[in-house]
1. Considering each residue of region 386-437, count those that are touching a helix residue (DSSP H, G or I) at 6+ places or on another chain (Cβ under 8 Å), farther than 20 Å from L283 by Cβ and either charged (D, E, K, R) or open to solvent by 20 Å² or more (accessible area, probe 1.4 Å) (or both), and give that number.
2. Just give me the residues in region 26-69 being closer than 19 Å to M177 by Cα, outside any helix (DSSP H, G or I) and without any contact (Cβ under 8 Å) to a residue 60 or more places away in the chain, in sequence order.
3. Please work out which residue is surrounded by the fewest Cβ atoms within 10 Å (Cβ to Cβ), limiting yourself to region 184-217 and to residues that are within 16 Å of L163 (Cβ to Cβ), small (G, A, S) and more than 13 Å from the chain's Cα centre (by Cα).
4. Regarding V134, is this residue in a helix (DSSP H, G or I), touching a residue at least 12 places away in the same chain (Cβ under 8 Å), open to solvent by 20 Å² or more (accessible area, probe 1.4 Å) and among the β-branched types (V, I, T)?
5. Do we find that F152 is in contact (Cβ under 8 Å) with a residue 60 or more places away in the chain and of a type in the set (F, W, Y) in this structure?
6. Do we find that V368 is buried (at least 18 other Cβ atoms within 10 Å of the Cβ), touching a residue at least 40 places away in the same chain (Cβ under 8 Å) and over 18 Å from T423 (Cβ atoms) in this structure?
7. I'd like to know if region 275-285 contains one or more residues that are on the phi > 0 side of the Ramachandran plot and at pLDDT below 60.
8. Report whether or not A361 is surrounded by 19 or more Cβ atoms within 10 Å (Cβ to Cβ) and farther than 21 Å from A432 by Cβ.
Amino acid sequence: MTTRVRRAAAYAVVSTLALVAPTLGWATAAVFGAVAVGALSVTDGPVFEWFARPADRQEGRLHGLAAFGFAATGIALLSWFAGLPDHVLVASLLVVGYGNLAQQVAWRFDAEPILRTGAFVAGGIVAAAAGQAVALTIVGTEVTPILPEIVFLAASGALLAGLLRSVLFVRDDPLVMLSVAFLLWLFADLEVMVTVEGIAVALAVTALFGYVSWALDAASIAGMMTGALLAMLTIVLGGYGWFAVLIAFFGIGSLSTKFRYEEKEARGVAEENEGARGSGNVLGNAAVALVAVLGYAAQAKFPALGGEVFLFAFAGSIATAMSDTLSSEIGGVFDGPRLITTLERVEPGTDGAVTWQGELAGAAGAAVVAAIAAGLFESVGPAGAGVVALAGVSGMTMDSLLGATLEGDALGNQGVNFLATLTGALVGAGLAVVVLP
């Protein structure tokens, strides 16, 4: 057993202490607190050798284990005093503990980043699902009827943890655990209804979507994990129609990025990393859509919200992302761009610059999303398709205006994308309320 695998196994054992939560209640926090305080007193010996990370060896203290213990203590306190469910506590710790162990084992056999990330997610899902089943059984809850929900929470936590680990370091595991705990707490509180078929399809499609986007160089590892998490949540919380709208954007948008890429690269307007999208780019374009999906899922708890409003917000934000992407990627190969605020000629790649060809391509992209939404959702129809298309063009225009006025000094590209998609969502939802019956 290598040092890395042995250390990961030791942390996995510590994470397994979370299983005492259903029995000990508030005392679970005391258990993990003792682990954290005890870790700071260990400077050598077998325990130090098992848990010490490279930075710990330099400092002579088990700061990594102490941070892990304090984070677990905090989650345990939330479980006792704030109502975070015990099985969420268990899932949050086991996802990280056993995900790391699976990743380190995979590292021994293959150094491919995609395989290591996949091992982390798979190990986290299995451990979190099994841990939740044990925790719920301890308190007398029948597991079989809610097994799909258990797997959904485990998969959501593992994908989020895998995403965060792809952009953070092992020493940041406490932050990962806390982030997973809050996400799963939200889903548990929403009481999301999941079927066996739904979670099975979601897992299969998510795995395929993630691998294809990575294999085709459409996304980095972080971008792939972000897209995979968004895909699974969209399928489970929204439905297949919502996912079809989302995947249309990812697919067509990725193809447009590759369109005459060498020429765009020579002109200085191409996406970096050969067009592979990172997590910031994916979130900038899809974060608003995710919020809309969450709003739709919250209908069961807050029926006054109205599901159709969130559907149009979702479609409007995706139409904006599609419109903006096609406008930039296709318009970037044409000469004569003009600044949208003054219409003066500027150099290709200038923030806020547009071409008539790009504007036409962007409008066509919004129309594609509108047509897909109209075809899949009876509540959209021809009038609703017009609303979605107009929302997409409005968001694209806002993107150009922000680029010409604020981007660079006050906003980065991801911030501009977020505000543009937010504009598309608000226009879509607002027009749906005002115009549609």
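1. Residues in region 386-437 being touching a helix residue (DSSP H, G or I) at 6+ places or on another chain (Cβ under 8 Å), farther than 20 Å from L283 by Cβ and either charged (D, E, K, R) or open to solvent by 20 Å² or more (accessible area, probe 1.4 Å) (or both): 10 in total.
2. W26, L62
3. Per the criteria, the residue is A207.
4. Yes.
5. Against the criterion (in contact (Cβ under 8 Å) with a residue 60 or more places away in the chain and of a type in the set (F, W, Y)), F152 qualifies.
6. Judged against the criteria, V368 is a match.
7. Applying the first criterion (on the phi > 0 side of the Ramachandran plot) to region 275-285 yields 275.
Still in the running and at pLDDT below 60: 275.
For region 275-285, residues on the phi > 0 side of the Ramachandran plot and at pLDDT below 60: present.
8. Values: surrounded by 19 or more Cβ atoms within 10 Å (Cβ to Cβ): yes; farther than 21 Å from A432 by Cβ: yes.
The answer is yes for A361.
The values are calculated or read from the model by the stated rules, or taken from the named source; none is laboratory data. Because the structure is a prediction, the values reported are computed rather than measured. Ideal geometry is used to build each Cβ from the backbone, glycine not excepted, and the neighbour counts take in all protein chains shown. For accessibility, only protein heavy atoms count, side chains too; no ligands or nucleic acids. Shrake-Rupley method; radii C 1.70, N 1.55, O 1.52, S 1.80 Å.
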